[in-house]
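Visitor: The structure that follows is given in the form of structure tokens.
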Amino acid sequence: MTDLDTLIIRGSAGADLALDGLEEGVWSRVDRARSKARERSLRLAALGVAAAIGGIAGGAAAPAVQTDRSELSIFSPRMAATPLDVRSALG
């Protein structure tokens with residue numbers, strides 16, 4: 001016999017003992033995967049609800065936003081992008 005045949009014979013003798021808890025282990029992993037999928041879908045649903053509430057609240061509050069020029073408009077990003085010669089003319 002070759003070394004490979006010897007290894008196959010040795011490995012098959014203890015193979016019955018190694019399969020004792022296999023089915024329970026497989027089902028526990030399946031249950032864990034299912035619970036993770038449920039948690040993931042619950043998180044996505046909660047995120048969707050939060051986004052919807054935020055969108056509705058932002059839409060309701062949008063008309064209340066001040067549209068006049070503020071005293072601090074000089075510090076706005078729009079003003080930072082304005083060329084220097086225009087800024088000096090604005091004061």
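Throughout, read-outs are computed from the coordinates displayed, never taken from laboratory work. Quick caveat: nothing in here was measured; it's all calculated off a predicted structure. So basically every Cβ, Gly included, is an ideal-geometry build from the backbone, and we count neighbours across all protein chains shown.
Visitor: Work out from phi, with θ = phi - 60° and the Karplus expression 6.51 cos²θ - 1.76 cosθ + 1.60, the ³J(HN,Hα) of each residue of the range 27-43, listed in order in whole Hz, and give x for Gly and Pro.
Guide: Result, ordered by residue: 5, 5, 5, 5, 5, 5, 5, 5, 5, 5, 5, 5, 4, 5, 5, 5, 5 Hz.
Visitor: Continuing with the same structure: Could you work out how far apart the two model spin labels at residue 50 and residue 8 are, taking each label as a point 7 Å from the Cα in the direction of the beta carbon, and quote it in nm?
Guide: With each label point 7 Å from Cα toward Cβ, the separation is 5.8 nm.
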